[in-house]
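Asker: Below: one structure in structure tokens.
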Amino acid sequence: MGVSSAQKRSLSSTSCDTRFDDLTRVLYATDASIYRVAPGAVAFPADPEKCAAVVRAAAQSGLGITPRGAGTGLTGGALGEGLVVDLARHLWEVRSFDPEGRTIEVGAGVILDELNRVLEPHDLWFGPDVATSSRATLGGMIANNSSGAHAPVYGTTADHVEALEVVLADGSTAWVGRGRDGFEGLRTQSEEVVRRHRREIERRLPANLVKRRPGYDFQRFLSDPSDLAGLMAGSEGTLGIITTAILRVVPLPRRRGLGVVFFRLVSDAMQAMMELVSLEPAAVEHLDRLVFDQSRGRLAFAAARSFLRLDEKPCESLLLVEFFDEADDRLSELVGLGIGERCVICADEGERELVWHLRRAGLSLVTSCVGPAKPMTIIEDSCVRPRDLAAYVAGMEGILESLGLEASFYGHAASGLLHVRPTLDLHRVEMSPGCVRWLSRSPIWCVNSTGLSPVNMASVWPVPSFWRIISVLTSRRRWGISRKSSTRAAS
Ligand SMILES: Cc1cc2nc3c(=O)[nH]c(=O)nc-3n(C[C@H](O)[C@H](O)[C@H](O)COP(=O)(O)OP(=O)(O)OC[C@H]3O[C@@H](n4cnc5c(N)ncnc54)[C@H](O)[C@@H]3O)c2cc1C
């Protein structure tokens with residue numbers, strides 16, 4: 001859908017660089033999800049003022065607004081029919097670094113690896129480490145409340161946000177966060193609504209999840225209602241656009257140690273998690289055969305495969321277990337546990353990097369499966385309590401088996417978050433009734449596990465019951481900025 005000439009005039013009248021040509025619209029019609037939605041226009045604000053101007057013009061002319069960082073989100077959150085606002089092109093300035101106070105101010109478009117390059121000489125880094133660190137922007141990370149393998153130590157991005165500069169749908173701009181109360185009226189109203197529904201929120205959102213992201217984090221907001229940034233983080237661009245952020249940074253670990261434990265079955269690895277948790281690892285990442293089989297015959301992974309002896313000693317599943325600081329003692333304890341079929345300890349940074357390289361490439365490896373059937377991103381980021389992981393995987397395997405589907409389970413085992421990728425052939429139009437029934441139950445699990453996340457749930461599959469649930473939830477949003485498309489087309 002394009003924009004009308006009146007809308008085009010309105011957007012063009014602002015000082016913000018805005019494009020309407022087909023090439024730009026096609027380039028912004030996809031992200032890392034399975035969806036394709038062409039925007040009517042794409043804006044490239046050079047500063048927060050220009051962002052506010054174009055947002056105001058879009059809202060006044062009735063256009064939906066979708067902020068976008070690097071477009072690496074897996075759920076189509078950066079796609080929208082109206083105006084897409086690209087924060088990554090210009091807002092990549094790093095400024096006001098206070099090494100003593102461990103805070104830093106960044107533009108929303110700063111890429112995580114770039115930020116860490118600035119911090120590293122000071123023995124600091126940004127804690128949450130998304131696997132897409134070479135592309136993901138801090139704005140996208142905050143909006144998705146992203147986290148990575150080391151979530152057991154660092155939590156999620158929201159835990160490291162001090163303050164945010166935010167543009168709302170009417171173009172008003174202010175700072176929110178610790179000691180900053182730019183939208184006081186809105187904050188008070190939000191607090192009142194959230195408090196009124198406190199009991200229901202507590203009933204529906206399970207406690208003790210290491211990664212609860214994205215989604216409106218009402219519990220975080222309730223724990224500190226003076227901090228509106230806690231509600232912005234994880235709101236996936238639906239409440240406002242983040243143009244600048246003040247972040248807290250943390251010391252680099254003094255020492256790191258990595259062990260790899262190999263298992264005969266995925267379920268054995270999940271059971272072993274119970275024992276591993278007692279060692280307080282900084283990260284436990286799971287890879288299954290579907291992932292590392294894809295690395296066979298590829299030069300980039302030959303050294304890792306040979307180091308892990310994947311050809312001589314095949315296995316179904318492996319856990320990467322990382323420790324910080326007192327790493328050597330902990331690695332000895334890991335070996336002492338005697339779990340799995342065998343255990344390999346990385347001797348140095350070179351060996352650690354070989355293994356982490358394989359893990360980081362996990363998703364790309366899965367999606368590069370040859371043939372029409374691919375492991376699909378349709379149950380994304382559902383998260384359970386780590387102690388429930390074994391039961392969750394067993395339940396999932398049971399359902400998939402009854403449907404005759406194979407799936408890959410990989411991801412952040414220590415945080416109870418596995419990416420579950422059933423292998424589906426999307427070129428086949430018709431799906432079995434059993435499959436549709438199963439898919440239509442999936443968003444319920446997502447609500448229960450990750451929170452009230454309209455975009456995240458939308459990722460599961462566009463069958464009518466999803467949209468009914470989503471429309472009920474989104475109709476309760478009171479101050480949304482983004483009108484995400486409800487007619488996403490699977491690409
Ligand atoms: C291979 C692969 C591995 C991944 N691994 C991880 C992982 O380990 N951990 C993890 O958390 N995620 C992971 N992801 C998902 C994704 O990379 C992260 O969520 C990332 O932080 C998104 O950043 P982005 O800049 O690409 O955001 P985008 O995809 O551009 O946007 C994500 C959401 O944020 C909103 N948004 C973007 N910028 C702003 C802004 N400035 N203001 C307000 N809203 C905004 C968008 O509207 C959208 O809803 C992975 C994705 C891929 C493809």
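Every number here is computed from the coordinates shown, using simple stated rules; none is lab data. In this text the structure is predicted, and so the values were computed from the model without any measurement. Virtual Cβ from ideal backbone geometry, glycine too; neighbours counted across all protein chains shown.
Asker: Would you mind pulling out the separation of the Cα centroids of region 173-188 and region 100-170, in Å?
Answerer: Distance between centres, Cα-based: 21 Å.
Asker: With r defined as the distance between the Cβ atoms of Val94 and Ala394 and R0 fixed at 60 Å, what FRET efficiency is calculated, to the nearest 0.05? Don't skip to the answer; put the middle values down first.
Answerer: On the way: r = 46 Å, r/R0 = 0.76.
After rounding, the FRET efficiency stands at 0.85.
Asker: 7 Å from Cα along Cα→Cβ at both Leu426 and Asp113: what's the point-to-point distance in nm?
Answerer: It works out to 2.6 nm between the two label points.
Asker: Continuing with this model, one more query. May I ask you to list the residues of region 1-37 whose amide nitrogen lies under 20 Å from a point 7 Å from Cα along the Cα→beta-carbon direction of Arg135?
Answerer: 23-37
Asker: Suppose R0 equals 45 Å. What FRET efficiency, 1/(1 + (r/R0)^6) with r the Cβ-Cβ distance, do Cys369 and Glu184 give to the nearest 0.05?
Answerer: On the way: r = 52 Å, r/R0 = 1.15.
The formula returns an efficiency of 0.30 here.
Asker: Right, something else. Two-decimal Rg/Rh of region 256-422 from alpha-carbon positions, Kirkwood Rh?
Answerer: With Rg and the Kirkwood Rh in hand, the quotient comes to 0.95.
Asker: Next up: Among the aspartates and glutamates, which have Cα under 13 Å from the Cα of Lys374 when same-chain residues fewer than 8 positions away are ignored?
Answerer: Cα-Cα hits under 13 Å: Glu406, Asp425.
Asker: Now, a different point. For the residue pair Glu202 and Leu279, what label-to-label distance in nm results when each label sits 7 Å from Cα along the Cα-to-beta-carbon direction?
Answerer: 3.7 nm
Asker: Please work out the ratio of the alpha-carbon Rg of the chain to 2.2 N^0.38 Å and round it to two decimals.
Answerer: Rg over 2.2 N^0.38 Å, computed on Cα atoms: 0.97.
Asker: Place the peptides 187-198, 126-137, 254-265, 408-419 in order of packing, highest mean first, counting for every residue the other Cβ atoms within 10 Å and averaging per peptide. Write out the running numbers ahead of the final one.
Answerer: Details: 187-198: 13.8, 126-137: 21.8, 254-265: 19.0, 408-419: 25.7.
The packing order, highest mean first, is 408-419, 126-137, 254-265, 187-198.
Asker: Another question, then. Efficiency by 1/(1 + (r/R0)^6): what FRET value for Asp328 and Ser226, r their Cβ-Cβ distance, R0 = 41 Å, to the nearest 0.05?
Answerer: In this case the efficiency is close to 0.40.
Asker: May I pose another question? Could you let me know the centre-to-centre spacing of region 398-412 and region 30-54, using Cα atoms, in angstrom?
Answerer: 35 Å
Asker: Using 0.36 nm per residue of separation minus the Cα-Cα distance, give me the extension gain between Ile345 and Glu312 in nm, one decimal.
Answerer: Working: separation 33, 0.36 × 33 = 11.88 nm, distance 1.74 nm.
Gain on stretching Ile345 to Glu312: 10.1 nm.
Asker: Counting helices only, and only those DSSP H runs with n ≥ 4, report the 222 nm mean residue ellipticity of the chain as the sum of -39,500 (n - 2.57) divided by its residues, in deg cm²/dmol to the nearest 500. Please list the in-between numbers first.
Answerer: Details: 20 runs with 180 residues, N = 491.
Estimated from H runs of four or more residues: -10500 deg cm²/dmol.
Asker: Could you state the number of Å between the C-alpha centres of region 198-228 and region 304-341?
Answerer: That distance is 35 Å.
Asker: While we're on this one: Where in region 150-177 does the label zone of Glu49 land, with the point 7 angstrom along Cα→C-beta and an amide N cut-off under 19 Å?
Answerer: 165-168, 170-175
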